[in-house]
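Here's the structure, in structure tokens; my notes come after.
The values are calculated or read from the model by the stated rules, or taken from the named source; none is laboratory data. Nothing here was measured: the structure is a model prediction, and the numbers come from that model. Methodologically, a virtual Cβ is constructed for each residue, glycine included, from the backbone with ideal geometry; neighbour enumeration extends over all protein chains shown.
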Ligand SMILES: Cc1cc2nc3c(=O)[nH]c(=O)nc-3n(C[C@H](O)[C@H](O)[C@H](O)COP(=O)(O)OP(=O)(O)OC[C@H]3O[C@@H](n4cnc5c(N)ncnc54)[C@H](O)[C@@H]3O)c2cc1C
């Protein structure tokens, strides 16, 4: 409860209770079924959207609740501690909604934001390519202006929500010869646009239920009114969107860690060996102590980055710290939770194996831990 006391006002605490009650009814009963069937029901996503949980960062005039970043962390943690794949499906909608809100025109916001806010339409954020992973400026997808249209050619990989999203926010070069940091632009590509095809070849280690795939663009005609923000400013737009992504992913990690701690405590108190609950053995008690401490530190980092965002301060370094640390902690915590469960932990009869498989994603997606450390070092060395 301490994190809430430190960071949440009365409205945010009420929100947490409301979200908890809602998710206890809608998500908790099927959190394991989603993992086993590897399918997230669209009806669940719609329910979560209608409850307003896709829209904490979107203003009321566009159908959102405008509750801010702390509220976003609360919602993200609460969804993630039940089933993080559901939260990962929601994340591109949060990010594209933010991008549109910050950089879109009034008519783009009016047209698209209310549908994103309620999850009536799902989103994808499309940057990664064969040549552009950690180096986002290495993209080769090209958008060439012809009259009042752009002609898009190229391919994206590892794209979350590929096939189920309606709106794809695609980063492409609008000037092939210039410095890519000043030659990238963002386009909203609607599904079913001629020349735009999707493949889903990947099986994933974790995140069961998340759809991930490859996007191909062959002479796709995009109307110029689908350009988001100024032409050539795509890299700068991406950097600001990444800051929001890092806080979101940190909260997803902390959701996994909260669930792993709860599972470890429950198991340790009920599993009897040598005539006693294993929670009475110092080796197990120390593991619980370490898990609780790591989780507390990860949440402090995440909520303090969110607080900076709410205050309108720069939070680039803090968001990267939170993401790198929370993801490392989630992997370590899930691993220890498996260990506390012994043989049971290695089976699919207990959720801790899922937490471990899911946690690993977060050291890779949204910028690897190595890239977060490059950013932290860059920002730290800038300061005097
Ligand atoms: C499940 C999943 C979902 C994803 N969803 C999306 C999505 O929705 N949209 C999207 O655009 N992308 C998405 N991605 C892609 C993800 O963002 C990239 O995988 C990630 O940024 C790493 O890029 P890469 O895989 O090409 O690895 P690479 O960049 O090839 O990195 C390989 C290794 O080298 C290290 N490395 C690279 N450069 C450096 C350096 N300069 N210094 C030190 N180490 C370095 C990396 O840290 C890593 O360990 C997703 C990925 C996965 C697995």
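Things worth noting here:
- Any hit, the stretch 188-199, residues being in a strand (DSSP E or B), touching a helix residue (DSSP H, G or I) at 6+ places or on another chain (Cβ under 6 Å) and closer than 21 Å to residue 100 by Cα: yes
- Checking residue 263 against (1) within 17 Å of the chain's Cα centre (by Cα); (2) within 19 Å of residue 356 (Cα to Cα), the condition it does not meet: (1)
- Scanning the stretch 132-177 for residues that are out of contact with any helix residue (DSSP H, G or I) (no Cβ under 6 Å at 6 or more places or on another chain) and free of Cβ contacts under 8 Å to residues at least 40 places away in the same chain yields 133, 135, 140, 142, 144, 146, 147, 173, 176, 177.
- Matching entry among 95, 101, 113 (being outside the structural domain of residue 368 (by TED's automatic domain parsing), within 16 Å of the ligand (Cβ to nearest atom) and at pLDDT 95 or above): 95
- Among the candidates 78, 110, the residue that is surrounded by 22 or more Cβ atoms within 10 Å (Cβ to Cβ), touching a helix residue (DSSP H, G or I) at 6+ places or on another chain (Cβ under 9 Å) and in a helix (DSSP H, G or I) is uniquely 78.
- Some residue of the stretch 362-377 being within 16 Å of the ligand (Cβ to nearest atom), assigned to a helix (DSSP H, G or I) and over 19 Å from residue 248 (Cα atoms): yes
- Any hit, the stretch 20-34, residues being part of a loop (DSSP other than H, G, I, E, B) and in contact (Cβ under 8 Å) with a residue 40 or more places away in the chain: yes
- Cβ-Cβ distances below 7 Å connect the following pairs, each with a first residue in the stretch 327-356 that is within 12 Å of residue 261 (Cβ to Cβ), a second residue that is part of a loop (DSSP other than H, G, I, E, B) and at pLDDT 95 or above, and a separation of six or more residues or different chains: 330/362; 352/341.
- Matching option when the condition is more than 17 Å from residue 331 (Cα to Cα), in contact (Cβ under 8 Å) with a residue 24 or more places away in the chain and assigned to a helix (DSSP H, G or I), among 256, 214, 222, 237: 237
Results for (1) modelled with pLDDT of 95 or more; (2) closer than 24 Å to residue 152 by Cα; (3) not assigned by TED's automatic domain parsing to the domain that holds residue 191, shown as yes or no for each residue.
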| site | (1), (2), (3) |
| --- | --- |
| 220 | yes, yes, no |
| 224 | yes, yes, no |
| 241 | yes, yes, yes |
| 244 | yes, no, yes |
| 247 | yes, no, yes |
| 252 | yes, no, yes |
| 260 | yes, no, yes |
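- Residue in the stretch 343-354 that is out of contact with any helix residue (DSSP H, G or I) (no Cβ under 8 Å at 6 or more places or on another chain) and either within 13 Å of the ligand (Cβ to nearest atom) or farther than 27 Å from residue 208 by Cβ (or both) present: no
- Comparison of 124, 107 shows that the only residue that is more than 21 Å from residue 220 (Cβ to Cβ) and touching a residue at least 12 places away in the same chain (Cβ under 8 Å) is 107.
- Looking only at residues in the stretch 135-167 that are in a loop (DSSP other than H, G, I, E, B) and over 17 Å from the mean Cα position of the chain (by Cα), the one that is surrounded by the most Cβ atoms within 10 Å (Cβ to Cβ) is 139.
- Count of the stretch 53-75 residues, restricted to those that are in a helix (DSSP H, G or I) and either within 28 Å of residue 223 (Cβ to Cβ) or within 16 Å of the ligand (Cβ to nearest atom) (or both), is 2.
- Number of the condition not met by residue 322 [criteria: (1) surrounded by 24 or more Cβ atoms within 10 Å (Cβ to Cβ); (2) within 13 Å of the ligand (Cβ to nearest atom)]: (2)
- Residue in the stretch 189-199 that is free of Cβ contacts under 8 Å to residues at least 12 places away in the same chain and either more than 11 Å from the ligand (Cβ to nearest atom) or outside the structural domain of residue 155 (by TED's automatic domain parsing) (or both) present: yes
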